[in-house]
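Working notes, structure below.
The values are calculated or read from the model by the stated rules, or taken from the named source; none is laboratory data. Quantities reported herein were computed from a predicted structural model and do not represent experimental measurements. For neighbour counting, all protein chains shown are included, and Cβ atoms are generated from backbone atoms with ideal geometry for every residue, glycine included.
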Amino acid sequence: MSTPAVPARDSLPDAAGHFGLYGGVYVPETLMTALQELEAAYLQARQDPAFQQELRHHLKEFAGRPTELYFASRLTEHCGGAKIFLKREDLLHTGAHKINNALAQALLAQRMGKKRIIAETGAGQHGVATAAACAKFGLECVIYMGAHDMERQALNVFRMQLLGAEVRSVAAGQQTLKEAINEAMRDWVTNVRSTHYILGTAYGAHPYPMMVRDFHRVIGLEAKEQMIAREGRLPDELVACVGGGSNAIGLFFEFLEEPSVRMFGVEAGGHGIRRGEHAARFAGGRLGVLQGCKTFILQDADGQIELTHSVSAGLDYAAVGPEHAFYRDRGRIEFAYATDDEVLATFQLCSRLEGIIPALESTHALVHGMKRAKALAKDRIVIVNLSGRGDKDVQQVAKILGHQT
Ligand SMILES: *Cc1c(COP(=O)(O)O)cnc(C)c1O
């Protein structure tokens with residue numbers, strides 16, 4: 001069977017939550033009702049101008065949208081090729097794109113009459129965004145976090161607590177993100193009537209990948225408008241880092257049907273593509289099911305999830321959002337990876353040349369964006385999604401580079 005043309009964007013996923021081969025709903029029966037109820041509530045809210053207007057208001061007033069599309073003149077000069085623009089999601093409240101989704105889902109929970117919120121967090125960024133949104137709307141907030149991550153990210157734990165959240169330590173397995181998601185799902189099964197689960201990326205069982213994508217679409221909508229206003233045309237290429245895939249699909253979505261625009265998702269190459277040393281699912285993974293959906297997963301021959309490594313906690317996950325797998329098969333989104341060493345060098349370069357300290361996650365996109373800029377002529381344009389700021393990473397980088405702090 002030949003691969004069909006890319007379906008109209010709004011027809012994806014299908015009614016059962018599939019992006020072609022990928023996605024779907026792989027959860028215990030006890031969660032089916034909750035997911036169906038969530039889908040119905042979301043589809044209704046999506047059509048409701050009052051919901052959309054209230055969301056726009058909070059995104060502006062609380063989160064700080066629209067974010068700038070910034071011409072990185074010195075990075076451009078340094079590369080000597082295409083113009084590099086940065087979409088400044090790092091300027092948002094709580095420091096990254098994650099607030100777009102956390103705020104929107106908190107609003108949706110309120111609409112559904114749910115007063116208790118749970119969420120998972122790895123490095124703590126999604127936990128902090130969720131705790132901030134819950135504080136704002138007066139919702140009870142419980143964040144699940146691996147015990148190992150709580151040690152590594154003690155400052156974010158305190159931030160969440162300051163914002164009124166209860167942070168629950170998860171001691172199972174590797175004591176990181178995967179275990180925190182399992183525990184959040186267990187809580188949801190038990191407390192499904194009172195509780196909404198704010199998942200932090202374009203991943204998991206339907207409707208999450210679709211809903212989280214929609215809540216980040218604003219990134220691409222703004223970027224398109226800003227680029228046309230500024231340069232009178234579309235960009236030639238877009239580059240974004242891919243953990244679960246939310247900031248990337250948020251930027252890409254409005255450009256999927258613009259054939260002149262190339263798109264690159266950048267995964268974590270860690271120490272290089274050897275088992276257990278990276279988190280580049282498209283470089284070493286294969287089809288499987290993990291935490292609610294079917295997608296590309298780093299797993300061994302027995303289906304055991306492999307260990308992953310990345311200098312950036314936000315990209316350090318064994319599976320990738322199903323919509324990315326779908327568009328990769330069709331050649332619409334291309335994938336690359338950046339290694340820890342490349343990221344550490346570019347983290348310093350961007351800070352020095354632009355006066356902007358990028359998040360380690362976002363720096364993966366910058367590494368590849370700069371490679372693309374070098375390969376392109378000076379009249380071409382590349383947009384790199386600067387998904388977050390690097391303040392959270394400064395201490396870790398100082399340690400790696402051997403600075404005293
Ligand atoms: C969490 C995070 C990511 C990775 O998540 P996606 O869902 O793939 O966007 C990327 N950048 C930053 C700054 C993050 O905090």
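Numbers for the structure displayed
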read-out	value
Helices (runs of 4 or more DSSP H) enclosed by the range 289-405 - at least 1 residues per element that are over 22 Å from the mean Cα position of the chain (by Cα) and surrounded by 23 or more Cβ atoms within 10 Å (Cβ to Cβ)	360-375
Whichever residue in the range 1-29 is surrounded by 13 or more Cβ atoms within 10 Å (Cβ to Cβ) and of a type in the set (Val, Ile, Thr) and, among such residues, is modelled with the lowest pLDDT	VAL6
Residue that is away from the ligand (no atom under 16 Å from the Cβ), under 22 Å from ILE357 (Cα atoms), without any contact (Cβ under 8 Å) to a residue 24 or more places away in the chain and of a type in the set (Asp, Glu), where the choices are GLU77, GLU61	GLU77
Qualifying positions in the range 78-128 - hydroxyl-bearing (Ser, Thr, Tyr) and assigned to a helix (DSSP H, G or I)	THR94
Contacts under 6 angstrom Cβ, first residue in the range 90-114 being charged (D, E, K, R), partner at pLDDT 95 or above and within 16 Å of the ligand (Cβ to nearest atom), 6 or more apart	ASP90/LEU386; ASP90/GLY388; ASP90/ARG389; LYS98/GLN125; LYS98/HIS126; LYS98/ALA129
Any hit, the range 126-139, residues being closer than 12 Å to THR195 by Cα and within 18 Å of the chain's Cα centre (by Cα)	no
Selection within the range 106-129 - within 12 Å of the ligand (Cβ to nearest atom) and on the phi > 0 side of the Ramachandran plot	GLY124
Hits in the range 239-283 (condition: of a type in the set (Asp, Glu), farther than 17 Å from VAL311 by Cβ and either within 13 Å of the ligand (Cβ to nearest atom) or not assigned by TED's automatic domain parsing to the domain that holds ALA313 (or both))	none
Tally of residues being touching a strand residue (DSSP E or B) at 6+ places or on another chain (Cβ under 9 Å), buried (at least 16 other Cβ atoms within 10 Å of the Cβ) and part of a helix (DSSP H, G or I) across the range 37-77	3
Any hit, the range 321-331, residues being modelled with pLDDT of 95 or more, more than 16 Å from the ligand (Cβ to nearest atom), in the same structural domain as GLY80 (by TED's automatic domain parsing) and in contact with a strand residue (DSSP E or B) (Cβ under 9 Å, 6 or more places away or on another chain)	yes
Considering residues of the range 165-199 that are among the β-branched types (Val, Ile, Thr) and either surrounded by fewer than 16 Cβ atoms within 10 Å (Cβ to Cβ) or more than 19 Å from the chain's Cα centre (by Cα) (or both) only, the residue nearest to ILE117 (Cα to Cα)	THR195
